[in-house]
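Take a look at the structure below.
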Amino acid sequence: MIKQLKKITEPQELDYEALRLEGIRYIQKLCGNVWTDYNPHDPGITILEQIVFVLTDLGYKTEFDIETFLTQADGNIDYGREALYSREQIMRQFPVTLHDYERFFEEKLGCERVRFHVESPGIYSVRLWPAESSKKSNDSLAEKFSTLWSNWRCLGEKVNSVTISEGKTEPIRHRYKTLFEIRESASLNLPKGIPCNFMDFTPIIEQFPSIYRYGKSAGELKKYLEPIEHIFLIFLQTMQDFADMFSVYALKTNYEHYNRILNQMLAMYGVEFPEKLFLMLRESDEKNNELATYRSMLRAKVRYLRHLPELHLHRCGIWWKPRIETMLGITLSGKESPMHMHALDGIFLENGFGKIYIVWSIETPLTNSPKKRDGIERFIRDELPAHLVPIFYWVTSDMSQEFYRSAEKTQTAQAWLEKHQDCVSGALWL
């Protein structure tokens, strides 16, 4: 037996006849003694009908698929503009275990085999078996490995040596499985929409019978209807500007409203911005007034959303520091914030914990109290992988630049750290 489907009906708030009857009931209730003609030829009922028509039209347009609101005139959706990222971009996996590393570099380098050997916890030596087609370019293979390792290693891990094997023995292929099957595709099948001009709006006066649209009284009627039309046009303009409202291409002028939008966009990806900490750090900066501070915070959120797929990989060495700097509003140029941060990481095991050294240059009141320094340290500790412990140095700008120049050479940087033990924070963030 075929089950009869129920007829889908519009909800009452979008149904033309239901709204019209509701309007007439209100008229009867409010002025039934003086308004006795409720037939379609009455101008008052015509006004009611046109308002109901516009309401149902707005209701109809608000039910469009989200793709329609985001679609540009050419029929395409600029996903980067809306900080919308594909599954392949968001769900990229980074290597964690030895098998992860070996499989990852086999795929990325096109090697027959990659073998990681543990010299001590977190410190490896690597051996590569290049594919037959790439054996003549060993130098470029080692350079490519070095670049990939810098981008994708976990914080606190280090490769001491890389050896490229040219043996004739065919290497044994690994048979284990990892989560590196999610790959970026050049031709992602992303949804498209149909362009819609939401501002295609016929004035209410033009919906009236011609007898009401001409003559002296028509001008008065038009003026009477203009405030009502204006409200509808504002609503239509909002729908027309929907894609621009959620854009991360430019900072909007309505800061409080845009801040709520940015928070919603961040929440889609499970990111909670350290807003209180950000404002606390900037409230004592004499060069910034309240509005400038708020605008600076919004810029930091926009910057985060623009680079969100990469900043999500914050356990990877190259992206952890930009993530922290972005969320605290620190820029590379230093124009927005006089704070600078340098980091040196690597496994220096003591009692099973690795260390990451973080050097701050402070020349302003931004960190002039233990409470503010404690807030920064606590935030950074929460952003670190569990196996690492941060050691904080609070220094002058000159000392910071001295560390920055020496950080490229691990031995020189370690000597700097030992020399400035008096600048270490008193807190130990286990």
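Proximity of backbone amide H atoms, modeled 1.01 Å from N, is registered between LEU251 and no other residue at under 5 Å, excluding neighbours fewer than 5 places apart on the same chain. What list of whole percents do you get for P(r) of the range 93-164, with Cα-Cα distances grouped in 5 Å bins up to the one holding the largest distance? Going from the shortest bin to the longest, the percentages are 3, 16, 32, 28, 14, 5, 1. Residue-wise HN-Hα couplings along the range 189-204, as the Karplus relation 6.51 cos²θ - 1.76 cosθ + 1.60 with θ = phi - 60° gives them from phi, are 8, 8, x, 10, x, 10, x, 9, 8, 5, 7, 6, 10, 8, x, 4 Hz; Gly and Pro carry x.
Within the range 93-164, antiparallel bridges make up roughly 55 percent of the DSSP beta bridges whose residues both belong there.
Kirkwood Rh, the range 248-336, all Cα pairs: how many Å?
On the way: mean 1/r = 0.0741 Å⁻¹.
Hydrodynamic radius (Kirkwood, Cα pairs) of the range 248-336 is 13.5 Å.
Could you sort 213-222, 385-394 so that the peptide with the highest average Cβ count within 10 Å comes first and the rest follow in order?
Details: 213-222: 12.1, 385-394: 17.1.
My ranking of the peptides, most packed first, is 385-394, 213-222.
Please compare each pair in LYS321/LYS355; LYS144/LYS409; LYS355/LYS409; LYS252/LYS371 to a cut-off of 23 Å on the Cα-Cα distance and tell me which ones are over it. Can you show the working numbers first?
Working: LYS321/LYS355 15 Å; LYS144/LYS409 21 Å; LYS355/LYS409 17 Å; LYS252/LYS371 32 Å.
As for pairs spanning more than 23 Å Cα to Cα, those are LYS252/LYS371.
For the pair the range 85-103 / the range 205-237, the C-alpha centres are spaced 60 Å from each other.
Neighbour counts of other Cβ atoms within 10 Å put HIS314, HIS99 in the fewest-to-most order HIS99, HIS314.
Given the range 32-150, what whole percent of its Cα pairs are spread farther than 26 Å? Don't jump to the answer; show the numbers that get you there.
Working: 4209 of 7021 pairs.
Every Cα pair in the range 32-150 considered, those over 26 Å come to 60 percent.
Our coupling estimate for the range 76-91, obtained by passing each phi through the Karplus curve with A = 6.51, B = -1.76, C = 1.60 and θ = phi - 60°, is 9, 10, 8, 5, x, 4, 9, 6, 10, 10, 6, 4, 5, 6, 6, 9 Hz, Gly and Pro reported as x.
Using the Cβ atoms and a cut-off under 12 Å, what net charge is assigned to the surroundings of LEU155, where Lys and Arg are +1 and Asp and Glu are -1? Spelling it out: positives minus negatives among the neighbours equals +3.
Taken together, the values in this text are just the output of simple stated rules run on the coordinates, not laboratory data. Bear in mind the structure is a predicted one, so any value in this text is a computation, not a measurement. Cβ: placed from backbone, ideal geometry, glycine included. Neighbour counts: every protein chain shown.
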